[in-house]
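I have placed the structure first, in the form of structure tokens, so that the comments after it can refer back to it.
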Amino acid sequence: MSDDDMVEHEAGEAGASTWYPGEAGQVKKGGHILMKGDKPCKVIDIKVSKTGKHGHGKCRFTAIDIFDGSKHEDIIPSTHTAHLPFVNRAEYTVIGIEDGYLQMMQDDGEMKEDLTLPTYPEDLGSQLEEAIETAEATGKTVVVSVISAMEKEAVTSFKTVEV
């Protein structure tokens, strides 16, 4: 094969999945599950019915969306496959706010500037904004906790620490 016959390949996404399969009966309270196909939720309650004459025991999941707080319910046979999201948490040091976007620094020194002030829970954004202003005046630092799942990210909490 000559150099003229070489095929060019374009780089693309790795194609990594945003969820993994798991048995519904193995999901625990406090764990994560996908509801309505694409909503990563934290399980707050599970009710398991016994097996009947014609089939499997059923798991009734009640869960809260980790990004907007909406409540969802679903029933899945306990031996069937449930979709479980990959959920990651990270902490970032807040440098400031510009045009509604948080300016944050990762542990390795890289800047992250693509997250807005949180809208859920309702008062978290205003509390965070106030904490940043107070921290700048007192020489403290604000550290935010960011949760990511299903190619979405959101600030879930924050703390003020001594420098």
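Of 48, 79, 161, which is farthest towards the positive pole of the chain's charge dipole, taken about the Cα centre with +1 and -1 on the beta-carbons of Lys, Arg and Asp, Glu respectively?
48
Among 53, 29, 39, determine the one that fluctuates most according to a GNM of the chain built with springs between C-alpha atoms less than 10 Å apart.
Largest GNM mean-square fluctuation: 53.
Along the Cα→Cβ direction, 7 angstrom out, place labels at residue 97 and residue 38. What is the inter-label distance in nm?
Placing both labels 7 Å beyond Cα along the Cβ direction yields 2.9 nm.
Per DSSP helix of 4 or more residues, -39500 (n - 2.57); summed, then divided by the residues of the chain. What does that give at 222 nm, rounded to the nearest 500? Don't skip to the end; give the middle numbers.
Values: 1 runs with 15 residues, N = 163.
Helix contribution divided over all residues of the chain: -3000 deg cm²/dmol.
Are any of the pairs 28/71; 28/50; 42/152; 50/152 more than 26 Å apart by Cα-Cα distance, and if so, which? The partial results should precede the final answer.
Details: 28/71 17 Å; 28/50 17 Å; 42/152 15 Å; 50/152 36 Å.
Result: 50/152 exceed 26 Å.
Leaving out ligands and nucleic acids, and using a 1.4 Å probe, what accessible area per residue does region 31-143 come to in Å²? Don't skip to the answer; put the middle values down first.
Working: 6820 Å² over 113 residues.
Spelled out: the 1.4 Å probe surface of region 31-143, per residue, equals 60 Å².
Work out from phi, with θ = phi - 60° and the Karplus expression 6.51 cos²θ - 1.76 cosθ + 1.60, the ³J(HN,Hα) of each residue of region 79-92, listed in order in whole Hz, and give x for Gly and Pro.
The phi angles translate into 9, 8, 7, 10, 8, 10, x, 6, 10, 10, 10, 9, 10, 9 Hz.
So what are the ³J(HN,Hα) numbers for region 94-99, from phi and the Karplus equation (6.51, -1.76, 1.60; θ = phi - 60°), rounded to whole Hz, Gly and Pro as x?
After applying 6.51 cos²θ - 1.76 cosθ + 1.60, I find 7, 8, x, 10, 9, 6 Hz.
I need the semi-axes of the equivalent ellipsoid of the chain: take the C-alpha gyration tensor, multiply each eigenvalue by 5, square-root it, list largest first in whole angstrom.
Values: eigenvalues 265, 172, 26 Å².
Equivalent ellipsoid of the chain: 36, 29, 11 Å, largest first.
With the full set of protein chains in place, find how many percent of the accessible area of the chain is carbon and sulfur; take the probe as 1.4 Å. Mind dumping the intermediate values first?
Numbers: 5130 of 10840 Å².
Carbon-and-sulfur percentage of accessible area, whole number: 47.
The values are calculated or read from the model by the stated rules, or taken from the named source; none is laboratory data. Treat the numbers as computed from the prediction; the structure is a model and nothing was measured. Because the Cβ atoms are built from the backbone with ideal geometry, glycine has one as well, and the counts that use them run over all protein chains shown. The accessibility values were calculated without ligands, DNA or RNA, using every heavy atom of the protein model including side chains. Shrake-Rupley method; radii C 1.70, N 1.55, O 1.52, S 1.80 Å.
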